[in-house]
1. For the range 142-171, which positions are of a type in the set (Asp, Glu), farther than 30 Å from Thr77 by Cα and surrounded by 14 or more Cβ atoms within 10 Å (Cβ to Cβ)?
2. Check Ser83, Ser74 and return the single one that is out of contact with any Pro (no Cβ under 9 Å at 6 or more places or on another chain) and surrounded by fewer than 16 Cβ atoms within 10 Å (Cβ to Cβ).
3. State which residue is nearest to Thr98 (Cα to Cα) when the search covers only the range 40-58 and only residues that are modelled with pLDDT under 90 and surrounded by fewer than 13 Cβ atoms within 10 Å (Cβ to Cβ).
4. Tell me, yes or no, whether the range 9-30 has at least one residue that is under 26 Å from Met138 (Cβ atoms), surrounded by 10 or more Cβ atoms within 10 Å (Cβ to Cβ) and modelled with pLDDT under 95.
5. Test of understanding: among Gly150, Gly140, which residue is modelled with pLDDT under 95 and on the phi > 0 side of the Ramachandran plot?
6. Quick one: which of Val121, Val111 is under 20 Å from Gly145 (Cβ atoms) and at pLDDT 95 or above?
Amino acid sequence: MPTTYQAPRKSDNQQKKTVSQSTQSNFAAGTATVQNIIANKGDDVFSISPLDNLGKAVELLSEKRIGALVVTDSDNTLLGILSERDIVRKLAETPGRTLPHKVEQVMTSNVEVCTRDEALVSVLRRMTDGRFRHMPVMEGKKLVGVVTIGDVVNYRLNELEYETLQLKQLVVG
């Protein structure tokens, strides 16, 4: 053994170690919520009256390039949701006679809603379990947005991409 060797001493462990990165600094502390999506997407909501016909709904869906419309009354109270799937089902029941039907005859009245502070994981689970792709966002009784399963998946993919980058930086240093 070299004569300059010294065995570790108890006081050696008391030195502060410094690191440029840590798991705490590389990962977000909070859980992603609906607000994260609304903040990026905006709170635009496309709605239709229950007394409008499906012809108008189809035009709006096509023009806005969306998959569902919220159904509201004149006070902007949520009454239901009308999705492309609802229209296709009605089309199968009444071929050639679908577009004149009123929205209220075809819409889904029992609508699952969420709040801005609900975790995205919870929203995604509810959408998957319920087999629907659009969820109105409510603040009390006020409609403040709509999130889609595509919004949630896209947000999560971006989150995973960021986490991967952070892990690579942690490994590389």
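1. Result: Glu159, single match.
2. When all the criteria are applied, what remains is Ser74.
3. Selected residue: Asp44.
4. Checking the range 9-30: at least one residue is under 26 Å from Met138 (Cβ atoms), surrounded by 10 or more Cβ atoms within 10 Å (Cβ to Cβ) and modelled with pLDDT under 95.
5. Answer to the selection: Gly140.
6. Values: Val121 fails: at pLDDT 95 or above.
Selected residue: Val111, the only one of Val121, Val111 that is under 20 Å from Gly145 (Cβ atoms) and at pLDDT 95 or above.
The values are calculated or read from the model by the stated rules, or taken from the named source; none is laboratory data. Please read all numbers here as calculations on a predicted model, not as lab measurements. Note: ideal-geometry Cβ built from the backbone for every residue, glycine included; neighbour counts use all protein chains shown.
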